[in-house]
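Every number in this text was worked out from the coordinates using simple rules, so none of it is lab data. Since we're looking at a predicted model, the values are computed, not measured. Because the Cβ atoms are built from the backbone with ideal geometry, glycine has one as well, and the counts that use them run over all protein chains shown.
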Amino acid sequence: MPQYTKNPPLRKADLAADPLVQLERWLTDAQNAGMIEPTAMTLATANRAGRPSARVVLFKGFHDGGLTFYTSHAGRKARELAENPHVALVFWWDRLERQVRIEGLAERLPRELAQQYFARRPRESQLGALTSRQSEVVASREELDRRYEENAARYAGRDVPLPEHWGGYLVRPHTVEFWQGRAGRLHDRLRYRRENTLWLIERLEP
């Protein structure tokens, strides 16, 4: 059973005043630790009735005081975000015995930002976004592959256009918790909480 002893104690004095600056530091640590996908984060949403769902998405950078990710605007997560913009995010880095928990509000990114990001994606990923009817039932893998090949042929030698149903989201946090493992399960938990224009840092019991 792990005892979580990889890190020295986490103190308030060690943290940046801005939680996004601190998150950037820990993301760099995760990248340097050789994590397979250090930018993977669990996104939890809930529909209008409060029924939750969660999945892993990829963090795609900071923008305007928040965190961004990209996805279909026609899938389940997008439908739930339209009904209820309150979300939670979790980064977990087992090699570092650290996690970051974020709660906030999600909003759509401007289409021009989605266009800029889409243009940088590998062509295969562009075609995948164009092809996928995210979260819909498909009769077979063969049908999905056939539509992909049809799109690949249609746009051979041309840029793949940004699909109308695809774009980005910005999550503006109101709380950000930095969790670091400690021996005896007396873990360090330091939470940033937004109060007007200031971030207050509080220590939570494990």
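Tell me the net charge near residue 50. Cut-off is 14 Å between Cβ atoms, residue 50 excluded, with +1 for each Lys or Arg and -1 for each Asp or Glu. Mind dumping the intermediate values first?
Numbers: positive: 48, 51; negative: 80, 83.
Net of charged neighbours comes to 0.
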Check your understanding: How much length is gained on full extension from residue 11 to residue 51, taking 0.36 nm per residue of separation minus their Cα-Cα distance?
Key -> 10.8 nm
Check your understanding: residue 58 to residue 174: extension gain in nm, 0.36 nm per residue of separation minus the Cα-Cα distance?
Key -> 39.7 nm
Point to revise | Part-to-part distance (alpha-carbon centres) for segment 112-159 and segment 1-63, which is given in Å | key: 29
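Pairs of Cα atoms under 8 Å, at least six residues apart: use those to get the relative contact order of segment 61-197, whole percent.
Relative CO of segment 61-197 lands at 36 percent.
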**Study point:** Mean ellipticity per residue at 222 nm, deg cm²/dmol - from DSSP H runs of n ≥ 4 across the chain, formula -39500 (n - 2.57)
**Key:** -8000 deg cm²/dmol
Point to revise | Full-stretch length increase - residue 31, residue 120 - with 0.36 nm per residue and alpha-carbon distance subtracted | key: 30.0 nm
Exercise for review: Determine, from the Cβ-Cβ distance of residue 147 and residue 18 and an R0 of 41 Å, the FRET efficiency 1/(1 + (r/R0)^6), rounded to the nearest 0.05.
Suggested key: 0.40
Point to revise | Qualifying lysines (Cα of each under 19 Å from Cα of residue 77; at least 8 residues distant if same chain) | key: 60
**Study point:** Among [x] -0.45, -0.94, -1.06; [y] -0.32, -0.97, -1.30; [z] -0.43, -1.02, -1.20, the entry derived from the coordinates for log10 I(q)/I(0) by the Debye sum over Cα atoms at q = 0.09, 0.15, 0.17 Å⁻¹
**Key:** [z]
Exercise for review: Measure off 7 Å from each Cα along the Cα-to-Cβ vector at residue 79 and residue 94, then give the distance between these two points in nanometres to one decimal.
Suggested key: 3.3
Practice item. Using a cut-off of 13 Å between beta-carbons, work out the net charge of the residues near residue 143 (Lys and Arg +1, Asp and Glu -1, residue 143 not included). Key: -1
